[in-house]
1. Kindly sort 209, 429, 421 by accessible area of their heavy atoms, largest first, with the probe set to 1.4 Å.
2. How much accessible surface area, in Å² rounded to 10, belongs to the heavy atoms of residue 378 with a 1.4 Å probe?
3. At 7 Å along the Cα-to-beta-carbon direction for both residue 94 and residue 537, put a label point, then send me their distance in nm to one decimal.
4. Let me make sure I get this right: for the chain, a, b and c are the square roots of the gyration tensor eigenvalues over alpha carbons, sorted descending. Under 1.5 in a/c it's rounded, otherwise prolate if a/b > b/c, else oblate. Which is it?
5. Using only the Cα atoms of the range 94-206, build the gyration tensor, take square roots of its eigenvalues as a ≥ b ≥ c, and label the shape rounded, prolate or oblate: rounded if a/c is under 1.5, else prolate if a/b is larger than b/c, else oblate.
6. Can you compute the FRET efficiency between residue 200 and residue 458 using 1/(1 + (r/R0)^6), with r the Cβ-Cβ distance and R0 = 45 Å? Round to the nearest 0.05.
7. Relative to a virtual label point 7 Å from the Cα of residue 482 in the Cα→beta-carbon direction, which members of the range 436-459 show backbone nitrogen distances below 16 Å?
8. With all protein chains present, how much of the accessible area of the chain (probe radius 1.4 Å) comes from carbon and sulfur, to the nearest whole percent?
Amino acid sequence: MKFKFYLGLLFLFVILNIGQGSWGLTESSEARYAEIGREMVISGDYLHPQLLGISHYHKPPVTYYLTALGYQIFGVNEFGARFFLSVALIIQLLLVFKIALLLFKEEKIALWSAVIYLSFPVVLIATRNLTTDAYLTTFIVTAIFLWLKRKNERGLIYLYGFYAALGLAFLTKGPVVLLPVLTFIAVWKFINKERLRVTIHSVLGVFLMLAISASWFIAVVVDHPNLWDYFIIEQIVNRSFNAQSFHRDKPFWYYLLFAPLVGLPWFGFIITYFFKNRKHIKNIDKHVFILAITVGVLLLVFSLFSSKLILYILPVYPFLALLGGYLAVGISQKRATIYNKIYLGFYALLVIALLILIFYEKLNVNIPLAVILILFLIGFSLFLYRKKEVFVNQKLMGLTLCFTVGLLFVYTLFSSANADMINSVKDLMARVETLDKDNTANIIVYDNRLPSASFYLDKKIITIANGNYRAKRETEFEQDTLYKKYYYDLQKPEDLHRAEALMRGHKNILIAHDNDTIPDSLHFMLRNFRNKEDAGKWLIYY
């Protein structure tokens, strides 16, 4: 079974990369990471991340490094930006499989765990959208695997590998890595009544983790001593407990509602199983208890933080998939039949979505490919469901895999043809490029931050901020005034005067979101433009 699983991972890797670069960067998170990686490649400065020419220390650098490596291999494009997301998912699936083997000693459970993890929509979202979360989860799952491997085989390489993985995870997104890993270990020790043992190697391992974790932070703090307070107060304390300053604050119940939705349908199957078997809960494997408690504690703690985005809880889903793998193997034929019918309902929804793409005039799609996908989804699902020679549980796995692949292709078809709907400005920048044929115009973005404008035009753009938090930049770490050539804050009188001088030029192209009305007090900004063009969510003045 292992060989077939590894072969399946290779086949999946190919599928994941089909069309991976066919849609534009989405604003703002993906475009931000992609542009920072691009600017690293151009400048050769891999120590101080820059976004649109201004220092950007919001996150440690691992995601930027992997993105830059993708550019070095495949060129500066969307595929290069996203390539290592596919690699990360394959590694996660491999490690989920191996963790399940360590916990349950059964290949069927391991296979089911990997299949269920792949089926979670939140996992697919993370591999189609460049952020830190896919890479962070990869390091977290690596750390969990190495910790369990150390318990089974006692090799020191696993112990030091565990701490090294934690250090790399810290360099990906900071101290949040400790939450899922320490929660799992604490629950494990509590359930198994194990004492915390401190050895010289564990102490050295902690020092290794700290050395890796602190390496980049120390290097940049040496250049900018005031960054220390910025990392602690602004990026850790305020992000966790004062998310209003980052406009990411959500109510307590946010994850309790959306965590199941982005885990459908298996999240629902798992919850249903526990509810149905609550009277026999004492007979369940203790590893299942550990996983279930870990999931519950993590969802509770993440809910207590005020800063919430759906991908923040991605590290919860490997534990949930391991739970699902154990339950799927022991599922009754009757319940598996019910789940198969539910999956057929999901197939129907996917087909309806494709039909809407074909017939709804405001949406675009490659019709021949959409029709082929519809025929494949209908044909394969009905063939597998009606085939009597296949066991019901095997049908369920087949339907799960096929639906997941179908979901990937539907998203690729949709996103590659509907830039506005996924918040991409790729088409907008193509239009701007035709207006600036000689590449000499100043490209000015009013009261918004558009990293992908610089990405697609391959030139520095000018941002004029006028109170919108999206356009606000942190310039306190700049060591010279060169950034002022490309950043104007109209809340400052001197920048207002500079903006007036800028707009008197005749080689300007101004881009503004259709919701950002330029006030009459700034009439000078539009005075020299003869044309105004509506481009979806944006307006172009030239």
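1. On the way: 209 30, 429 5, 421 120 Å².
Final ranking, largest accessible area leading: 421, 209, 429.
2. We get 70 Å² for residue 378.
3. The modelled label-to-label distance comes out at 3.7 nm.
4. Details: a/c = 2.25, a/b = 1.40, b/c = 1.61.
It comes out oblate by the Cα gyration axes.
5. On the way: a/c = 2.00, a/b = 1.25, b/c = 1.60.
The shape class here is oblate.
6. Values: r = 53 Å, r/R0 = 1.18.
It comes to 0.25.
7. 459
8. Details: 15810 of 24770 Å².
Carbon and sulfur: 64 percent of the exposed surface of the chain.
The values are calculated or read from the model by the stated rules, or taken from the named source; none is laboratory data. None of the values given here were measured: they were computed from a predicted structure. Reconstructed Cβ throughout: ideal geometry from the backbone, glycine too, with neighbour counts over all protein chains shown. Protein only, heavy atoms only, side chains kept; ligands, DNA and RNA dropped before computing areas. Shrake-Rupley method; radii C 1.70, N 1.55, O 1.52, S 1.80 Å.
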